[in-house]
1. Can you spot a residue in the range 188-195 that is part of a helix (DSSP H, G or I) and touching a Gly at 6+ places or on another chain (Cβ under 9 Å)?
2. Here is a list: Asp87, Asp42, Asp63. Which entry is of a type outside the set (A, V, I, L, M) and within 30 Å of Arg202 (Cβ to Cβ)?
3. When you scan the range 95-159 for helices (runs of 4 or more DSSP H) that lie fully inside it, which ones turn up with 3 or more residues that are within 16 Å of the ligand (Cβ to nearest atom)?
4. Would you tally the residues in the range 236-266 being closer than 16 Å to Val53 by Cα, of a type in the set (D, E, K, R), assigned to a helix (DSSP H, G or I) and in contact (Cβ under 8 Å) with a residue 12 or more places away in the chain?
5. I need the full set of residues from the range 21-69 which are out of contact with any Lys or Arg (no Cβ under 8 Å at 6 or more places or on another chain), within 16 Å of the ligand (Cβ to nearest atom) and farther than 18 Å from Leu142 by Cβ, in order please.
6. Among the residues of the range 222-245, which ones are acidic (Asp, Glu) and either buried (at least 16 other Cβ atoms within 10 Å of the Cβ) or closer than 14 Å to Asp264 by Cβ (or both)?
7. Return yes when Ile83 is modelled with pLDDT of 95 or more, more than 16 Å from the chain's Cα centre (by Cα) and of a type in the set (Val, Ile, Thr) and no when it is not.
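The values are calculated or read from the model by the stated rules, or taken from the named source; none is laboratory data. Remember, it's a predicted structure, so these values are computed and weren't measured experimentally. Backbone-built Cβ (ideal geometry, glycine too); neighbour counts: all protein chains shown.
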Amino acid sequence: MSLSLSHVRRIVEEALPILSAEKPVLEIDAKGAAVVGDTHGDLETSELVLERVGRGVIVFLGDYVDRGPYQIENMVRLLEAKISEPDRILLLRGNHETREMNMYYGFYDAVSRRLGSGAYGIFTRLYSTLPIAGVLNRSVILVHGGVPEAAASIWDVASRGKQGEDLEDEVVFQALWNDPREGLEWFGPSPRGGYARVFGRRALEKFLEASGCGVLVRSHEPVAGGFEALFDGKLYTVFSCRFYGIKPAVAEIGAGSIGFRYVDEL
Ligand SMILES: [Mn+2]
């Protein structure tokens, strides 16, 4: 992919009004959905998913940039897909779609080196338009991290609104940062630091019930095998970046069922 600043700027500017019109928490009605976890510059995963998943919506759970070798290409490819099929390709925000993370984990430097100093600002404009979460068929919560401690339901998260260049609201921050822990009931400290917390079974069950949902699908942790069920199948983690020594996977959600497939076998 040839990358020029004018091309990247044009793609981002075409995507901005489409994303801006979307709600902070997307209400998605679809017969089927493929859910993609972190890609972190794994352009190959994004290409395979976009080319081979023929039906239903495709929801990307965020973390498109930082770390991998094709961070800009990956972001641009996903935005091109969004522009051509705005109702089918849904791009949620991950904890790496922030200025704070990009300064430390490589995307700011990659953009400055390849597109010129001053180019990076177009991406923080983009981040502030990205939705925070989705609810599929009024039953499945889709979000990068998990359950925030101070939110009763996903609709409570929605009321916080989209964020600026960083995740200023603590509830939204936790929705994109928190991790599940088997054996825990409510909440506990997270090794990730900041506002981040870990959440247990009762925290998840209460949040799901108050949201009118039965399952939460998230990413954020590079689980061995690319896919993992926790809390008796009330929560799934899917991870889709091949640079973590795992086989990238996607979740496939149909009527009353959740399974997974490896990206390289789609
Ligand atoms: Mn993450």
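1. Our first condition is that a residue be part of a helix (DSSP H, G or I); within the range 188-195, this holds for none.
The answer is no; no qualifying residue exists.
2. Values: Asp87 fails: within 30 Å of Arg202 (Cβ to Cβ); Asp42 fails: within 30 Å of Arg202 (Cβ to Cβ).
So the residue among Asp87, Asp42, Asp63 that is of a type outside the set (A, V, I, L, M) and within 30 Å of Arg202 (Cβ to Cβ) is Asp63.
3. Values: elements: 99-105, 107-115, 121-127, 154-159.
In the range 95-159, 99-105 are the helices (runs of 4 or more DSSP H) which contain 3 or more residues that are within 16 Å of the ligand (Cβ to nearest atom).
4. Final tally of qualifying residues: 1.
5. Hits for the range 21-69 are Val65, Asp66, Arg67, Gly68.
6. Step one: list which residues in the range 222-245 are acidic (Asp, Glu), which gives 228, 232.
Passing the criteria: only Glu228.
7. Values: modelled with pLDDT of 95 or more: yes; more than 16 Å from the chain's Cα centre (by Cα): yes; of a type in the set (Val, Ile, Thr): yes.
It is true that Ile83 is modelled with pLDDT of 95 or more, more than 16 Å from the chain's Cα centre (by Cα) and of a type in the set (Val, Ile, Thr).
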